[in-house]
Amino acid sequence: VQLQASGGGSVQPGGSLRLSCAASGIIFRLHDMGWYRQAPGKQRDVVTIITSGGSTNYADSVKGRFTISRDNAKNMVYLQMNSPKFEDTAVYYCNSQWGVRSSWGQGTQVTVSS
């Protein structure tokens, strides 16, 4: 299983950024996919999940600002980050989940700064 996250970088508050995650080695359409993040000195927390059926869940802190989507034909999952805040600064990780099988990507840094 390989999950390759990309698209991180620096963004100003109120701007936008899109993260991408390319999956390989899995039957992508069967997996729930998620984005997690870890800020310095803090634990890794869930940001959002999209199930194999397309249902989505979001952390309260990002509701209305972030959108997760998936393209099963391309084995890709995306995180559209709109109106980011300083507190969204973290390393963002892509995750795949199928039953008890969980896999992680390498993470991509997102820094929100003015």
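What follows draws every value from the coordinates through simple rules; no lab data is involved. This structure is a prediction, so every number in the text was calculated from the model and none was measured. Don't worry about glycine lacking a Cβ; one is built from the backbone with ideal geometry, like all the others, and counts go over all protein chains shown.
Numerical summary
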item: Hz values of 3J(HN,Hα) by residue in the stretch 63-75 - Karplus curve (6.51, -1.76, 1.60), Gly and Pro given as x; result: 4, x, 10, 10, 9, 9, 8, 9, 10, 5, 5, 10, 6
item: Positive-end extreme of charge dipole, the chain - chosen from Gly105, Gly9, Gly64 (charges on Cβ); result: Gly105
item: Percent of Cα-Cα distances greater than 20 Å, calculated over the chain; result: 34
item: Residue among Ser103, Ser69, Ser20 with the largest mean-square fluctuation in a Gaussian network model of the chain, springs linking Cα atoms under 10 Å; result: Ser103
item: Relative pair counts by distance (%), Cα atoms of the stretch 1-60, 10 Å bins; result: 18, 45, 32, 5
